[in-house]
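Report on one structure; see the data block that follows.
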Amino acid sequence: MIRTEGLRKNCGEVPAVGGISFTAPDGAITGLLGPNGAGKTTSLRMIYGLMKPDAGRIEVDGVAVLENPQAAQSRMGVLPDVAGLYPRLTAREHIHYFGRLQGLSGDEVERRAEHWIDMLDMRSFADRRAAGFSHGERTRVALARALVHEPQNVLLDEPTNGLDVMSTRTIRDLIRRLKEEKRCVLFSSHVMQEVAALCDRIVVIAGGRIAADSTPEELLAVTGKTTLEDAFVALVGQAPAHFV
Amino acid sequence: MNLRHVLTVCRKELSDGFRDRRALLSVLIGALISPLLMGVLFNRLAVEQRSSREISVPIIGRQYAPILVEWLEQQNGVETVEGPADPEDAVRTRKVEFVLIIAKDFPEKFRESRPAPIQIVADSTRQSGRAKLQRLRTLLTRFSAETGSLRLIARGISPGIASVLRMEDIEVSSAQQRAALIFNIFPMFLVLAAFMAGMQIATDSTAGERERGSLEPLLVTPVRRGELVAGKWAAAVVSAAVGITMSLFITSGITLSIPLEDLGFRVRFSAFDGLVLLAALFPMVLLGPAIQVYFASFAKSFKEAQSYMGLLILVPMLPGIMTAFVPLGNRPWMVPIPLLGQYSLATDIMSGRTPSVFSLLLAATSATALALFFVALTTRLFSKEKIIFGR
């Protein structure tokens, strides 16, 4: 479970996030929805402990991220918006490296790597070096290494961005599976259909603030629109372009 | 600090680095600079030394001074040949290095015990023949002095009267010390090899990591910044250690194959001295990569980092050049100063003196402390959002 309270962050003089509070519960998929530059990535970066908020509180399974980042990070699996690979390492070696850094033993690392190679359909390129990988292959490797320690909380920053249908489907299946395993999934997107298809809860962010936090059905009801896209446009349009 | 994390990072960077052809190449080139240059240097010296002892003197008008020609030919390593028709042109066009011309009136003047004229045609701007020319001059001066003494004795006068000064050169520097002057460059090349070998891994694991965007996922794992930086530094240190050891071994092999004894150098450089030298220079294997990792971490891209590395390569050369050409000597105050201390100890070792354990430890401690300081600075860099996200 991920809880944030009053997260604030200024990037230089410009406010990027201005007071974000929400809860992403276990066994549910929470979508962070917002236009480009709304503060989704900045919020996620604060949650996974690489950016220090100017104010606010973040708890992951009850562990405070600010006070105890290492313990909190070991409970999270993160796919950042830029997830580069090492061109001279094979897909399998990527998973091994991150597994060991997560404190898994040698045998355990091997076993988990096998598991993820099957799960993400990576068998055909598992032992090839990453230099020539397609975007879909790279994203799968990045996902596998992020989830190798089977974390309770999974944070994905626009995971399906730029992927083809097959890869997108693999990732959606994975997200649903994680939910079935009672994990907490938090992912950001600006693709409406994806959020509508997957999410149990939608947190709409616009201009660094939360414009809505509800189920997709409630979202339609509140805005009085018939499609999620119209609801989104209505919500984002209402939000102040900038706040003080 | 979790040592397992450090080892995991170090192992990954090493296996990643040694799959990189550029990394292998820079280790190899770094290790080969020293043996190649030392080999060329000593070979040149050997050739010059040998050839200056053996001179061939072109003489014009040898029939006028058979005594002198005969005396010259009796000297060790001297042969005389017929001089060229146009001596000045022959010297100018470098057909010969010099020509000795004996004047027509030599026999007459010689007989009358008056100064007999000879001429040496030579080009003083030429470096190559200088040693030979010097030898010829010395021989002619000796002939002049010896004959002069005989004339005085024949007249019942002590030859000492004509000699106001009795000059004698006393060579103070031992052959070992003269060899050390050349050997002084050797430690610098070894440190250079370490810098070259550490460079690629230091840049690829920091600036490369930033450029690829693999730093962010890495920092989300429970590995601490200090462990991460220590692992990357350790990988660069291993590479630098491989480089310096290779360089030492190859250079030793090449130097041993050159007959340095022929040059008048008594080289007593044992395997033990080699180990002591390696131990004295080893702190540079720690410090070099620490500095490289720090500066490379500022760079957003591999290319940018490499331009910093190009400048850092100059660092080991500055004091090296100074001690080689302006002998700073070995002052005690140098020992605790990183780099200067290592070179000063190395100079001692190269000239056959084994430094005390205390001075070795003192130099190692200060250089290692500086290396750790740079590692700590780099760790602080990796906590900055500008470094993590600034791409």
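Put simply, of B:Pro87, B:Pro58 the only residue that is away from chain A (no Cβ under 14 Å), crowded, with 21+ Cβ neighbours inside 10 Å and modelled with pLDDT under 90 is B:Pro87. When restricted to residues that are part of a loop (DSSP other than H, G, I, E, B) and under 11 Å from A:His149 (Cα atoms), segment A:77-104 contains 3. Would you be able to tell me the number of residues in segment A:59-69 that are surrounded by 23 or more Cβ atoms within 10 Å (Cβ to Cβ) and at the interface with chain B (Cβ under 10 Å from one of its Cβ atoms)? Count: 0. The lone criterion from (1) in contact with a His (Cβ under 9 Å, 6 or more places away or on another chain); (2) over 30 Å from A:Ala55 (Cα atoms) left unmet by A:Thr170 is number (1). Filtered by the rule that a residue be within 14 Å of chain B (Cβ to nearest Cβ), assigned to a helix (DSSP H, G or I) and over 20 Å from the mean Cα position of the chain (by Cα), segment A:113-142 gives A:Ala130, A:Ala131. Within segment A:41-58, the set of residues being at the interface with another protein chain (Cβ under 10 Å from one of its Cβ atoms), at negative phi and not hydroxyl-bearing (Ser, Thr, Tyr) comprises A:Arg45, A:Leu50, A:Met51, A:Lys52. Applying the criterion of being of a type outside the set (Val, Ile, Thr), surrounded by fewer than 19 Cβ atoms within 10 Å (Cβ to Cβ) and more than 7 Å from chain B (Cβ to nearest Cβ) to the residues of segment A:70-96, the residue that is farthest from B:Asp20 (Cα to Cα) is A:Ala71.
Of all residue pairs spaced 6 or more apart or on separate chains, those with beta-carbon atoms under 6 Å, a first member in segment B:131-149 that is more than 14 Å from B:Pro58 (Cβ to Cβ) and a second member that is of a type in the set (A, V, I, L, M) and buried (at least 16 other Cβ atoms within 10 Å of the Cβ) are B:Arg135/B:Ile55. Among the residues of segment B:81-100, the ones that are closer than 22 Å to B:Gln127 by Cα and part of a strand (DSSP E or B) come to 3 in all.
On the given criteria, is B:Ser128 touching a helix residue (DSSP H, G or I) at 6+ places or on another chain (Cβ under 7 Å), at pLDDT below 90, of a type outside the set (Val, Ile, Thr) and assigned to a loop (DSSP other than H, G, I, E, B)? The answer is no for B:Ser128. Select, from A:Gly39, A:Gly99, the only residue that is surrounded by 23 or more Cβ atoms within 10 Å (Cβ to Cβ) and farther than 27 Å from B:Gly226 by Cβ. Going through A:Gly39, A:Gly99 in turn, the sole match is A:Gly39.
The helices (runs of 4 or more DSSP H) found wholly in segment A:145-242 and carrying at least 1 residues that are touching a residue at least 24 places away in the same chain (Cβ under 8 Å) and away from chain B (no Cβ under 14 Å) occupy A:165-180, A:192-198, A:228-238. Quick check on segment B:171-190. Is at least one of its residues in the same structural domain as B:Leu287 (by TED's automatic domain parsing), modelled with pLDDT of 90 or more and over 18 Å from the mean Cα position of the chain (by Cα)? No, that holds for no residue. Selection within segment B:343-381: residues that are part of a loop (DSSP other than H, G, I, E, B) and crowded, with 16+ Cβ neighbours inside 10 Å. The member of this set that is nearest to the chain's Cα centre (by Cα) is B:Ser351. Looking at B:Arg19, B:Arg92, B:Arg4, just one residue is free of Cβ contacts under 8 Å to residues at least 40 places away in the same chain, closer than 30 Å to B:Leu192 by Cβ and not hydrophobic (A, V, I, L, M, F, W, C), and that residue is B:Arg19.
Checking each residue in segment B:227-251 for being under 20 Å from B:Phe389 (Cβ atoms) and either within 12 Å of another protein chain (Cβ to nearest Cβ) or assigned to a loop (DSSP other than H, G, I, E, B) (or both) picks out only B:Leu228. If the condition is being among the acidic types (Asp, Glu) and over 23 Å from B:Ser301 (Cα atoms), then segment A:78-125 contributes A:Glu93, A:Asp107, A:Glu108, A:Glu110, A:Glu114, A:Asp118, A:Asp121.
The values are calculated or read from the model by the stated rules, or taken from the named source; none is laboratory data. What you are looking at is a predicted structure, and each value in this text was computed from that prediction instead of being measured. Neighbour counts run over all protein chains shown; Cβ positions are idealised from the backbone, glycine included.
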